[in-house]
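Reviewing the structure listed below.
The values are calculated or read from the model by the stated rules, or taken from the named source; none is laboratory data. Values in this document were obtained by computation on a predicted structure and should not be read as measured data. Cβ atoms come from the backbone with ideal geometry, glycine included; neighbour counts cover every protein chain shown. All accessible areas refer to the heavy atoms of the entire protein, side chains included, with ligands and DNA or RNA removed. Shrake-Rupley method; radii C 1.70, N 1.55, O 1.52, S 1.80 Å.
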Amino acid sequence: MDKPIVAWATVGPFRQNSYVLGDPVTKDAVLVDPGDEPKAIEAVLEREGLTPRFILNTHAHIDHVGAVHHFQQKWKLPFYLHPGDRDWLEALPLQGRMFDVPTSPIPHVDRWIADGETIAFGGKRIEVIHTPGHTPGGCCLLLRDDGILFTGDTIFAGSIGRTDFPGGSLEELLASIREKLFPLGDEVTFYSGHGPPSTLGKERRDNPFVGENATGSGRGKKYV
C-alpha cells in the first residue's frame, strides 16, 4: 500500500504546523489545520503536486483556523470541524484581540464531524477520534492502515496541550491520551500542531506529563 504524503508548513507567530495530507496515487489532498500564511501552504501543495479537496481541523483555536477562510474563498473547499468547538470558532475575533493578531472572517462549517466517523479522500480513510481536554471539540485524525495520526494540540513530542483556556480540562486531556491514543499502538507516528513528529510509544514511555513516569503538572508548553 502506498504511504500517504505528509508535508507541512510551519506558519504564523505561534509556529503552528499546517499539514497537507496527500494520496500519492490520486494526488488528492486534505488540508489539516491551515492556520496562517496561506501562500506557504499553497507552496507545499505545488511542490507535492497535490490538489486539496477539503479542510479538516483538529480544533478551532486561532492559530489552526486562521487560513481556512482563504482556502474556502479561493479554492472553494468545504470545511470540517467537530461541533464541540463551535464556540471557539465563533469567538475568532475575540481570539484575535486576546493575542493581538489579525483575524480572518469566521469560516463557515460545511460538515460537522463526529467521534468514530470515517472520512475518505482518494484511496485513503481518516478516522475521527474525539479527544477533548485542550478544547471541548478537539479531535485527532487517524490513518489506521498507515500508522499515522494527527494530534492537533492534544499531545506533542515531550509535552501536552495546555488546558487553562475556557473549555479546557486536564482530566479530560489525560484521559483522551491514555484511553484513546496510547491504545492505538506504540508504532503509530503522530504529527502535532507544534514541534516535531513523535511516536505514541516514545510518549507513552517518556512524556513528562502523561508518560509512564510522568511527574509534571500537566499544563504543558505554552502552545495555543
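Dividing the convex hull volume of the alpha carbon atoms of the range 145-214 by its residue count, what do you get in Å³ per residue?
It comes to 82 Å³ per residue, whole-number rounded.
Treating the range 1-103 as a set of equal point scatterers at the Cα positions, no solvent, please give the Debye-formula log₁₀ I(q)/I(0) at q = 0.17 Å⁻¹.
Calculated log10 I(q)/I(0) at the listed q: -0.72.
Given a 1.4 angstrom probe, what's the average accessible area per residue across the range 86-186, in square angstrom?
Per-residue accessible area for the range 86-186 comes out at 43 Å².
Compute log10 of I(q)/I(0) for the chain with the Debye formula, placing one identical point scatterer on every Cα and leaving out solvent, at q = 0.11 Å⁻¹, to two decimals.
Values, matching the q order: -0.48.
Sum up the charges of everything whose Cβ sits under 15 Å from the Cβ of residue 9, counting Lys and Arg as +1 and Asp and Glu as -1, but leave residue 9 out.
-4
How much net charge surrounds residue 78 when only the other residues with a Cβ under 14 Å from the Cβ of residue 78 are counted, with Lys and Arg +1 and Asp and Glu -1?
That sum, taken over residues with Cβ under 14 Å, equals +2.
What are the ³J(HN,Hα) values, in whole Hz, obtained from phi via the Karplus relation 6.51 cos²θ - 1.76 cosθ + 1.60 with θ = phi - 60°, for each residue of the range 101-112 in sequence order, with x given for Gly and Pro?
With coefficients 6.51, -1.76 and 1.60, one gets 10, x, 10, 8, x, 5, x, 8, 7, 8, 8, 8 Hz.
Is there a quick way to get the dipole size of the chain? I mean about its Cα centre, with the Cβ of Lys and Arg at +1 and of Asp and Glu at -1; what is the value in debye to the nearest 20?
260 debye
Report the net charge of residues surrounding residue 37, where surrounding means a beta-carbon distance below 13 angstrom and charges are Lys +1, Arg +1, Asp -1, Glu -1.
Net local charge, residue 37 excluded: -2.
Once you've got the GNM for the chain with C-alpha springs shorter than 10 Å, pick whichever of 51, 135, 154 has the biggest mean-square fluctuation.
Its mean-square fluctuation being the largest, the pick is 51.
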